[in-house]
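Enquirer: Take a look at this one; I'll ask things after.
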Amino acid sequence: MRIEITSKQISITDTMRAKVEERFEKLQKLQVSLINPHFIITKEPKGVKIEGTIGVPNGKVFAHAEHEDLYAAITQLFQKIERQLSKHIHKDEANRAKNNGKDLCRNGEISGEVVEEPEVEIESDAEIKLNKEFAN
């Protein structure tokens, strides 16, 4: 897959490109179709800023990281992207509406059997006393 890397005020070296590609390969193990990955590396006065945008089915994932060291910023960025992709993968499982009673009945996980409650026996000799005193 072609990874687009753009830089502002800094030149991209082969080691930078290799580090981004290495981290991106780890993202591909999550088995999500990643569409058109684009990373922007910018030189800041106090370090380096890197932004990443990756298209996924039904949306985009965006993250950015700032650090004095470029390679630490790349690591932080990909940790953030991996966290977002993990949420995206498990989004269907976490959806509460799909785990409601209607769907469980439709899927056959809950049967339509009526459970009878046991009858409570009432003693016929029991007295009912009424107390008509009220608090004043």
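Enquirer: Give me the net charge for the shell around residue 10: Cβ to Cβ below 15 angstrom, other residues only, Lys and Arg +1, Asp and Glu -1.
Expert: Charge balance in the 15 Å sphere: 0.
Enquirer: Residue by residue, what Karplus-based ³J(HN,Hα) values in Hz, rounded to whole numbers, does the stretch 32-49 have, using 6.51, -1.76 and 1.60 with θ = phi - 60° and x for Gly and Pro?
Expert: Values, residue by residue: 10, 6, 9, 10, 6, x, 9, 10, 10, 10, 10, 7, 10, x, 9, x, 10, 10 Hz.
Enquirer: Turning to a different aspect of this structure: Going through the stretch 1-101, which trypsin sites (Lys or Arg not before Pro) have at most 12 other Cβ atoms within 10 Å and a DSSP loop state?
Expert: 2, 29, 46
Enquirer: In nm, to one decimal, how far is the modelled label at residue 14 from the one at residue 116, with both set 7 Å along Cα→Cβ?
Expert: Reported label-point gap for residue 14 and residue 116 is 8.3 nm.
Enquirer: Can you give me the long-range amide H partners of residue 44? Hydrogens built in the peptide plane at 1.01 Å from N, cutoff under 5 Å, separation of 5 or more residues or another chain.
Expert: Correct list: 49.
Enquirer: For residue 46, what is the net charge nearby, where nearby means another residue's Cβ is under 14 Å from its Cβ and Lys, Arg count +1, Asp, Glu -1?
Expert: So the surrounding residues net to -2.
Enquirer: Follow-up question, since we're still on this one. Would you work out if the stretch 4-94 is rounded, prolate or oblate? Take a ≥ b ≥ c from the square roots of the eigenvalues of the alpha-carbon gyration tensor; rounded if a/c is under 1.5, else prolate when a/b is larger than b/c, oblate otherwise.
Expert: prolate
Enquirer: Grab the other residues whose beta carbon is less than 14 angstrom from that of residue 68, score K and R as +1, D and E as -1, and report the net.
Expert: Net charge around residue 68: 0.
Enquirer: Can you flag which of 19/60; 29/49; 8/80; 8/46 are past 18 Å Cα-Cα?
Expert: Distance filter (> 18 Å) returns 19/60; 29/49; 8/80.
We did not get these values from a lab; they are worked out from the coordinates using the rules stated. Just so it is clear, the model here is predicted, and its values are computed rather than measured. All Cβ positions, even for glycine, are placed from backbone atoms using ideal geometry, and neighbour counts span all protein chains on display.
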